[in-house]
Number of protein chains: 2
Amino acid sequence: MAILVVGSVAYDTVETPSGRAERVLGGSASFFAVAASFFSPVNLVGVVGQDFGDEQLAAFRGRPVDLEGLERMEGKTFHWQGRYSRDLNSRDTVCTDLNVFEFFQPKIPARYRDSDVVFLGNIDPVLQRRVLDQVPKPRLVACDTMNFWIHGKPEELRKTLERVQILLVNDQEARELSGEWNLVKAAAAIRAMGPRTLVVKKGEHGVLMFTDEGFFAAPALPLEMVFDPTGAGDTFAGGFVGYLARTGREDDVALRQAVIMGSTMASFCVEAFSLDRLLTLTRPEIDARYRVFEKVTRFDGL
Amino acid sequence: MAILVVGSVAYDTVETPSGRAERVLGGSASFFAVAASFFSPVNLVGVVGQDFGDEQLAAFRGRPVDLEGLERMEGKTFHWQGRYSRDLNSRDTVCTDLNVFEFFQPKIPARYRDSDVVFLGNIDPVLQRRVLDQVPKPRLVACDTMNFWIHGKPEELRKTLERVQILLVNDQEARELSGEWNLVKAAAAIRAMGPRTLVVKKGEHGVLMFTDEGFFAAPALPLEMVFDPTGAGDTFAGGFVGYLARTGREDDVALRQAVIMGSTMASFCVEAFSLDRLLTLTRPEIDARYRVFEKVTRFDGL
């Protein structure tokens, strides 16, 4: 079950209390693709500039990540620079150089068009719909978005959401998209816009998922060492969507397992800068971490 | 297994986005005692003024709450007035009139002295120790504290913590007490001060518990209607300590169940002002809500 992901591939410069990383591989599609590739083949659509080298591409090699859709354009690659607060719960963007990403027009290679699952990374909702127009019959469409589009293109975002089954956003975005402070009310409002399943990412406080069958609450692992939170949300999405693609199911049992798998992958992501930890990760490590989530959440009945 | 609780009994005036309640029953010992009384007899030690009437005492009647230790002093009862933010995650104290509570010297009635379990509500750590001096051999001592004592009487608090097995604080208090931002490091530092078990309350984000056997993460229920969060932490403590007293055990299985029972009781507390919801609560409702926690946290292995 191949996954089509459309999103950013970027250079990140990141400062955290633990250190600084200069022009390392980043971007939503990068984190997503590597995380999802542990479970399912990934077809990547994105754009980089002529400064994007073999060293960066190496992250995808040896993995079932198809790069035919990674366009190389005249100009420079998207560069994001950010600085995290001491508690890692907030960050300031120092600069955002969109460069070639400003002119990104997703072109879906012919052999990607029968992808079963589509993940629309956080890009202009107009472009997200153009991607869907090029993929005739996906089994499942999952989508990310952000405040910039919630406030900047609300009507376009609504049209996109009508074609989405699973929306993944953080708690603040859920509140702003719905206009409701209470997350239960926010979830009801968002699910009425189209996505039957809403996954609310709360960072260190875990994840809430709202489905037809009610809600599911998963913690984040309390980690002694959070090195760099950059990409944790996209890595969560990669583990979540990757796991769903692998199982071929979307029932509540599979969705809950997928949330834990997404949380598992995200818990590794934050252990190092960039994709570094994901690149050394093994399947036995993933399975062991999944079992840690079982261990720390289990309790007996009365 | 009787529980001795020492803490405040107060009048609260509360404003939330849902409304306003004027001079209703509040105080840590009140919420704790009523919540714990569903599981175990409670011996209450506190102080009220001459303005504290039969109407307020009615909350404890018909429950196994012994009021011999509720002293009535010349003067007025402690009055707290607070106003919550729109999202209910922060509150401003409008005024705190300590009144008779300023002169509170806990006197433990003779027949309370063989209480098996002691809960030291959030009072001066010097007074907390004086309580322990009057109870020869409790099986279990649980304790609450707050920033005021963490910064105002750090040495005294340390001496008290050496005699405590279970500390219940919120995440901010855990950070300030330990001087560590990271909660895993904070927990290690606090557990080295005495309490083998640390329960970190995170409000709408649930609870983390750190024990000899590792940690346990419990969500809070996402509620459509949070009416008034006042007393939720004390109600959690009442359910948690009450459940432990009833089981007579302190192993990891019982501690985890106690966290869920505390969360269950707190989820009712916020549904109405003051102790109103706790006063109509039945044991079948409690058991059903506990099962909701099971339902919303369960997921299958791989």
(message) Looking only at the stretch A:185-196, count every residue that is under 20 Å from the mean Cα position of the chain (by Cα), more than 14 Å from chain B (Cβ to nearest Cβ) and either buried (at least 22 other Cβ atoms within 10 Å of the Cβ) or over 23 Å from A:Ala218 (Cβ atoms) (or both) and tell me the total.
(response) 2
(request) Determine whether the stretch B:173-183 contains at least one residue that is within 14 Å of another protein chain (Cβ to nearest Cβ), touching a Ser or Thr at 6+ places or on another chain (Cβ under 7 Å) and not hydroxyl-bearing (Ser, Thr, Tyr). (result) no
(message) If a residue must be over 23 Å from B:Leu221 (Cα atoms) and among the acidic types (Asp, Glu), how many such residues does the stretch B:165-184 contain?
(response) 2
(message) So A:Gln81 ticks every box in (1) crowded, with 17+ Cβ neighbours inside 10 Å; (2) in contact with a helix residue (DSSP H, G or I) (Cβ under 8 Å, 6 or more places away or on another chain); (3) under 30 Å from B:Trp181 (Cβ atoms) but one. Which box is left unticked?
(response) (2)
(request) Exactly one condition in (1) more than 9 Å from chain A (Cβ to nearest Cβ); (2) closer than 24 Å to A:Tyr290 by Cα; (3) free of Cβ contacts under 8 Å to residues at least 24 places away in the same chain is not met by B:Lys295; state its number. (result) (1)
(request) Please go through the stretch A:219-261 and pick out each residue that is hydrophobic (A, V, I, L, M, F, W, C), more than 20 Å from A:Tyr84 (Cα to Cα), within 14 Å of another protein chain (Cβ to nearest Cβ) and touching an Asp or Glu at 6+ places or on another chain (Cβ under 7 Å). (result) A:Leu244, A:Val253
(request) Would you check if there is a residue in the stretch A:167-184 being at pLDDT below 95, buried (at least 22 other Cβ atoms within 10 Å of the Cβ) and under 21 Å from B:Arg86 (Cα atoms)? (result) yes
(request) Considering only the stretch A:232-282, state which residues are of a type in the set (Asp, Glu) and surrounded by 24 or more Cβ atoms within 10 Å (Cβ to Cβ). (result) A:Asp234
(request) Output the number of the condition that B:Trp149 fails; it satisfies all remaining conditions of (1) touching a Leu at 6+ places or on another chain (Cβ under 7 Å); (2) farther than 23 Å from B:Asp12 by Cβ; (3) of a type in the set (A, V, I, L, M, F, W, C). (result) (2)
(message) Going residue by residue through the stretch B:155-162, is there one that turns out to be buried (at least 18 other Cβ atoms within 10 Å of the Cβ), over 26 Å from B:Pro109 (Cβ atoms) and touching a Lys or Arg at 6+ places or on another chain (Cβ under 7 Å)?
(response) no
(request) Just need a number here: residues in the stretch A:166-194 that are outside any helix (DSSP H, G or I) and hydroxyl-bearing (Ser, Thr, Tyr). (result) 0
(message) Looking at the structure I just gave you, is A:Val131 in contact with a Pro (Cβ under 7 Å, 6 or more places away or on another chain), part of a loop (DSSP other than H, G, I, E, B) and either of a type in the set (Gly, Ala, Ser) or on the phi < 0 side of the Ramachandran plot (or both)?
(response) no
(request) At least 3 residues that are touching a residue at least 24 places away in the same chain (Cβ under 8 Å) and in contact with a Gly (Cβ under 8 Å, 6 or more places away or on another chain) in each: list the strands (runs of 3 or more DSSP E) lying fully within the stretch A:18-107 that qualify. (result) A:42-48, A:70-72
(request) Using the structure shown, decide if A:Ser115 is hydroxyl-bearing (Ser, Thr, Tyr), away from every other protein chain (no Cβ under 14 Å) and either exposed (fewer than 15 other Cβ atoms within 10 Å of the Cβ) or under 17 Å from the mean Cα position of the chain (by Cα) (or both). (result) no
(request) Could you run through the stretch B:115-128 and say how many residues are without any contact (Cβ under 8 Å) to a residue 40 or more places away in the chain and in a loop (DSSP other than H, G, I, E, B)? (result) 1
(message) Quick check on the stretch B:190-199. Is at least one of its residues more than 26 Å from A:Leu302 (Cα to Cα) and either touching a residue at least 60 places away in the same chain (Cβ under 8 Å) or out of contact with any Leu (no Cβ under 9 Å at 6 or more places or on another chain) (or both)?
(response) yes
(request) Confirm whether A:Asp276 is among the acidic types (Asp, Glu) and either more than 14 Å from every other protein chain (Cβ to nearest Cβ) or closer than 20 Å to B:Val207 by Cβ (or both). (result) yes
(request) Go through (1) more than 26 Å from B:Pro222 (Cα to Cα); (2) part of a loop (DSSP other than H, G, I, E, B) and name the single condition A:Phe148 misses. (result) (2)
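The values are calculated or read from the model by the stated rules, or taken from the named source; none is laboratory data. It should be emphasised that the depicted structure is a prediction, and the values quoted were computed from it without experimental measurement. FYI the Cβ positions are ideal-geometry reconstructions off the backbone, even for glycines, and counts take in every protein chain you see.
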